[in-house]
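Just below is one structure, and these are the notes that go with it.
The values are calculated or read from the model by the stated rules, or taken from the named source; none is laboratory data. Everything numeric in this text was worked out from a predicted model, so none of it was measured. Cβ placement follows ideal geometry from the backbone for every residue including glycine, while neighbour counts extend to all protein chains displayed.
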Ligand SMILES: [Zn+2]
């Protein structure tokens, strides 16, 4: 199997997150979007991309410590995964294999496997091992650039990032690797919090998706700038609804006490949230 010969793939990120936009190289910034004594967020006046700059060095990494809890929750969200799968399938990816980077609880991977794809994942959390055993799917426990030689395929029909790109220190480098791993008829799928959503405009830095581990913030303009700069055409870009179980919502709201008052059937019921806060993108190679 031929493997990539990528430059600049050492263990340390080659980018410097400072006062130059990494997407369009503009030095024209809006007034600092947010700052405190530890970190700040710059926003590019040209392409609207916003990014975290650490003032004090981060002592933690940006991945989660997901395990059984997220696997259980993910297994309840199948209708959402079917929705995403249908959006991808109608664009006829080829070959019929799917690499989900940051596969979390594995629900999306299990869904694509059940619909005929060869499924493979990358996940840094302990949930990787749980998913492997539960769904019999290969899940690697390292970042993409350090996983290339271990991947089962030379080329993929779909490579997806569901709520992952916003955590990646160097998204440009990541997508350049993806471009090499995608087949000519392959599709890149990205879902991120939508920085210019109605609720984001209201809550600003109080929005629940605004926190230090979300290193990158995208709207339509910055997402288009990033993908175009990495050699992709956008085929579809839209806001999408999101599913969560009632039990999960109560927990996230700090209302776990009420869980004891509800049956497990009720807690496992999912609700569709169509608040326009998630941007879903499908792209192919130029
Ligand atoms: Zn920019």
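Inside region 118-146, can you point out the residues that are touching a residue at least 60 places away in the same chain (Cβ under 8 Å) and crowded, with 17+ Cβ neighbours inside 10 Å? Outline the logic, then answer.
Taking region 118-146 and keeping what is touching a residue at least 60 places away in the same chain (Cβ under 8 Å), we get 124-127, 130-131, 134, 145-146.
Passing the criteria: 124, 125, 127, 130, 131, 145.
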Every residue in region 94-116 that is closer than 21 Å to residue 164 by Cα and in a loop (DSSP other than H, G, I, E, B), please.
102, 103, 104, 105, 106
Is it fair to say residue 97 is crowded, with 20+ Cβ neighbours inside 10 Å, within 15 Å of the ligand (Cβ to nearest atom) and in contact (Cβ under 8 Å) with a residue 12 or more places away in the chain?
no
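Picking from 26, 48, 59, 37, which residue would you name as being within 11 Å of the ligand (Cβ to nearest atom) and more than 21 Å from residue 278 (Cα to Cα)? Quick ask: steps written out before the conclusion?
Numbers: 48 fails: more than 21 Å from residue 278 (Cα to Cα); 59 fails: within 11 Å of the ligand (Cβ to nearest atom); 37 fails: within 11 Å of the ligand (Cβ to nearest atom).
After applying the criteria, what remains is 26.
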Residue 2, sole failed condition from (1) more than 16 Å from residue 215 (Cα to Cα); (2) within 16 Å of the ligand (Cβ to nearest atom); (3) modelled with pLDDT under 80
(2)
Just give me the residues in region 157-172 being assigned to a strand (DSSP E or B) and surrounded by fewer than 22 Cβ atoms within 10 Å (Cβ to Cβ), in sequence order.
157, 162
Pair list, Cβ < 8 Å and 6+ apart or interchain, from region 38-52 residues that are within 10 Å of residue 216 (Cα to Cα) and in contact (Cβ under 8 Å) with a residue 40 or more places away in the chain to residues that are within 8 Å of the ligand (Cβ to nearest atom) and not in a loop (DSSP other than H, G, I, E, B):
49/222; 49/225; 50/44; 50/222
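With respect to residue 209, is the statement that it is part of a helix (DSSP H, G or I), more than 16 Å from the ligand (Cβ to nearest atom) and in contact with a strand residue (DSSP E or B) (Cβ under 7 Å, 6 or more places away or on another chain) true?
Working: part of a helix (DSSP H, G or I): no; more than 16 Å from the ligand (Cβ to nearest atom): yes; in contact with a strand residue (DSSP E or B) (Cβ under 7 Å, 6 or more places away or on another chain): yes.
Against the criterion (part of a helix (DSSP H, G or I), more than 16 Å from the ligand (Cβ to nearest atom) and in contact with a strand residue (DSSP E or B) (Cβ under 7 Å, 6 or more places away or on another chain)), residue 209 does not qualify.
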Just the residues that are over 17 Å from the mean Cα position of the chain (by Cα), touching a residue at least 40 places away in the same chain (Cβ under 8 Å), over 18 Å from residue 172 (Cβ atoms) and not in a helix (DSSP H, G or I), please, taken from region 219-271.
235, 245, 268, 270
